[in-house]
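The values are calculated or read from the model by the stated rules, or taken from the named source; none is laboratory data. From a predicted model like this one, the values you see are computed outputs, not experimental measurements. As a convention, Cβ positions derive from the backbone with ideal geometry for all residues, glycine included, and neighbour counts pool all protein chains shown.
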Amino acid sequence: MAKKIVVIPGDGIGKEITDAAVTVLKKADEKFGLGLSYEYHDAGGTAYDKFGTPLPEETLAAAKASDGVLFGAVGGDKWDSVEPSLRPEKAILGLRKGLGLYANLRPVKVADALVSYSPLKPELVRGVDLVIVRELIGGIYFGDRCESEQHEGVERAWDLENYSVPEVERIARLAFETAKLRRGKVTSVDKSNVLATSRLWRRTVTKVAESYPDVTLDHLYVDNCAMQLAVKPAQFDVICTGNLFGDILSDEAAVIGGSIGLMPSASIGEATSLFEPIHGSAPDIAGKGIANPIGTILSAAMLLRYSLHEETAARAIEDACDKALADGWRTPDLWQEGFQKADTTAMTQAVVERV
Ligand code: NAD
Ligand code: IPM
Ligand code: MN
């Protein structure tokens, strides 16, 4: 039976980068006989403009019924004044919640060919190979909030952070399982010197660790972790953290590898998983055809690995991306004198030829 991939391009560069990834998937299908089919659905500002909602019910239903979701990005200045509950970002938040995607895996690996592109010194970034395991459907992102209220004569707003023991347990277990298949080290990141949610987080992760005697656990406060990522990023194997800290730390970790445009992610839960680059809709370059498609192409490779168990095809795509970069192809976010200038299409073609 054909494997159905639901493609949700979204806004800004979303269409350009998902087109690129589908082109590469089609090549992999041709080569490895994967039997893929594609169904396109709207989400984000684009869906809001058409249907008055960022996440039409049929998009969520189609995502649930698929074998895997490939997501581009949502958002843009055009929708900044839209009522908060209808903002484009609600589309991705609604998909994560609706599909029960409690874990977001964000691997950061620095290709040898790109060591010199990092804002950090080459000797610090060589060999960096870490994965951020970010809790994705809890914490302050999904707590109660108030956009505006009067309190003691002044206007205020608030967002509530809460985490339950089971929520922390399941993300911690996934982090330890991930570490077991890697270098066996989990760094749990919190702010337990200040926050109650972080103290519960630390207690719970420490308890879960008892079931994983072969994995070492250490704890870092998030502010220190932000610094350690800049001073000694190679020390990390698996970083396990909450929703908000994971969002911020993953953009920081992403640039260690040269460009946020290179970084993929997998959001997984009990059933259908979703794959998306970690960057956003990049309104500043949207429509110019110059976005780096690699993060989305690598997200498609993760879809093949995690959702379809097509390890060989996934590896072929990852190797093709490495080779295209090693052979000197560069989109503008990474271009330097002496390298081949590529737009999104040329970069995609360079990958396709190497699959
Ligand atoms: P962004 O990630 O879209 O862009 C940050 C910077 O990185 C920009 O200079 C952009 O040009 C560059 N960049 C990002 N992706 C790139 C790529 N593939 N190739 C080359 N350069 C790339 O973050 P932002 O500007 O803070 O947010 C823009 C919009 O995207 C906002 O509406 C935000 O809410 C949304 N957003 C969506 C997602 C998502 O859909 N998952 C993720 C992050 C941000
Ligand atoms: C990300 C994005 C999203 C997040 C936004 C668009 C809701 O920044 O995927 O990293 O904060 O999770
Ligand atoms: Mn983010």
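Scan I285, I290, I278, I256 and give me the residue that is of a type in the set (V, I, T) and within 11 Å of R106 (Cβ to Cβ). Talk me through it step by step, then tell me what you get.
Details: I285 fails: within 11 Å of R106 (Cβ to Cβ); I290 fails: within 11 Å of R106 (Cβ to Cβ); I256 fails: within 11 Å of R106 (Cβ to Cβ).
Result of the check over I285, I290, I278, I256: I278.
Select from region 137-164 the residues that are of a type in the set (A, V, I, L, M) and loosely packed, with under 13 Cβ neighbours inside 10 Å and write down the one among them that is farthest from L274 (Cα to Cα).
Of region 137-164, the ones of a type in the set (A, V, I, L, M) are 137, 140, 154, 157, 160.
If we keep only those that are loosely packed, with under 13 Cβ neighbours inside 10 Å too, we end up with 154, 157, 160.
Values: V154: 42, A157: 32, L160: 26 Å.
So, considering only residues that are of a type in the set (A, V, I, L, M) and loosely packed, with under 13 Cβ neighbours inside 10 Å, the one farthest from L274 (Cα to Cα) is V154.
Determine which single condition M227 fails, assuming it passes every other condition in (1) more than 16 Å from ligand 2 (Cβ to nearest atom); (2) touching a residue at least 24 places away in the same chain (Cβ under 8 Å); (3) surrounded by fewer than 21 Cβ atoms within 10 Å (Cβ to Cβ).
(2)
Can you name the residue in region 238-259 that is touching a residue at least 60 places away in the same chain (Cβ under 8 Å) and farther than 22 Å from R183 by Cβ and is also farthest from ligand 1 (Cβ to nearest atom) among such residues?
G242
Tally up the residues in region 95-124 that are surrounded by fewer than 21 Cβ atoms within 10 Å (Cβ to Cβ) and in a helix (DSSP H, G or I), please.
10
Criterion first (within 16 Å of ligand 3 (Cβ to nearest atom) and modelled with pLDDT of 95 or more) does R156 satisfy it? Spell out how you get there, then give the answer.
Details: within 16 Å of ligand 3 (Cβ to nearest atom): no; modelled with pLDDT of 95 or more: yes.
Answer is no for this residue.
Let's see how each residue does on (1) buried (at least 17 other Cβ atoms within 10 Å of the Cβ); (2) under 20 Å from the mean Cα position of the chain (by Cα); (3) in a loop (DSSP other than H, G, I, E, B); (4) in contact (Cβ under 8 Å) with a residue 60 or more places away in the chain:
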| position | (1), (2), (3), (4) |
| --- | --- |
| A301 | yes, yes, no, no |
| T312 | no, no, no, yes |
| A316 | yes, no, no, yes |
| L325 | yes, no, no, yes |
| E337 | no, no, yes, no |
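Quick check on my filter: what residues within region 130-163 are in a strand (DSSP E or B) and touching a residue at least 40 places away in the same chain (Cβ under 8 Å)? Full working, then the answer.
At the first step, the residues of region 130-163 found to be in a strand (DSSP E or B) are 130-135, 145-151, 154-159.
Those that are in a strand (DSSP E or B) and touching a residue at least 40 places away in the same chain (Cβ under 8 Å): L130, V131, I132, V133, R134, E135, E147.
Within region 76-100, take every residue that is within 21 Å of A286 (Cβ to Cβ) and among the small types (G, A, S) and give me the one that is farthest from ligand 1 (Cβ to nearest atom).
S81
So in region 41-75, with the set limited to residues that are assigned to a loop (DSSP other than H, G, I, E, B), more than 14 Å from ligand 1 (Cβ to nearest atom) and among the small types (G, A, S), which one is farthest from A301 (Cα to Cα)? Quick ask: steps written out before the conclusion?
Quick first cut of region 41-75, residues assigned to a loop (DSSP other than H, G, I, E, B) only: 41-44, 52-56, 66-67, 74-75.
Going one step further and asking which of them are more than 14 Å from ligand 1 (Cβ to nearest atom), we end up with 41, 52-53, 56, 66-67.
If we keep only those that are among the small types (G, A, S) as well, we get 52, 66.
Working: G52: 33, S66: 16 Å.
Filtering region 41-75 for residues that are assigned to a loop (DSSP other than H, G, I, E, B), more than 14 Å from ligand 1 (Cβ to nearest atom) and among the small types (G, A, S), the one farthest from A301 (Cα to Cα) comes out as G52.
When you go through (1) without any contact (Cβ under 8 Å) to a residue 40 or more places away in the chain; (2) under 20 Å from the mean Cα position of the chain (by Cα); (3) more than 25 Å from R170 (Cβ to Cβ) one by one for R305, which number turns out not to apply?
(3)
Exactly one condition in (1) at pLDDT 95 or above; (2) out of contact with any helix residue (DSSP H, G or I) (no Cβ under 9 Å at 6 or more places or on another chain) is not met by N243; state its number.
For N243, the failing item is (2).
Looking only at region 257-294, count how many residues are touching a strand residue (DSSP E or B) at 6+ places or on another chain (Cβ under 6 Å), β-branched (V, I, T) and either near ligand 2 (Cβ under 10 Å from one of its atoms) or part of a helix (DSSP H, G or I) (or both).
1
Name the residue that is nearest to ligand 1 (Cβ to nearest atom), counting only residues in region 4-40 that are part of a helix (DSSP H, G or I) and of a type in the set (A, V, I, L, M, F, W, C). Walk me through how you get there before you give the answer.
From region 4-40, those part of a helix (DSSP H, G or I) are 14-32; that's our starting set.
Then keep just the ones that are of a type in the set (A, V, I, L, M, F, W, C); that gives 17, 20-22, 24-25, 28, 32.
On the way: I17: 6, A20: 10, A21: 11, V22: 16, V24: 15, L25: 17, A28: 20, F32: 26 Å.
The extreme case among them is I17.
For I92, all conditions in the list (1) under 21 Å from the mean Cα position of the chain (by Cα); (2) of a type outside the set (S, T, N, Q); (3) part of a helix (DSSP H, G or I); (4) away from ligand 2 (no atom under 13 Å from the Cβ) hold save one; what is the number of the exception?
(4)
Starting from region 9-37, take each residue that is over 19 Å from T59 (Cα atoms) and list its partners that are away from ligand 1 (no atom under 16 Å from the Cβ) and modelled with pLDDT under 95, counting only C-beta distances under 6 angstrom and pairs at least six apart or across chains.
G35/A2
For region 260-291, how many residues meet the condition of being surrounded by fewer than 21 Cβ atoms within 10 Å (Cβ to Cβ), within 10 Å of ligand 1 (Cβ to nearest atom) and under 20 Å from G68 (Cβ atoms)?
Matching residues across region 260-291 total 0.
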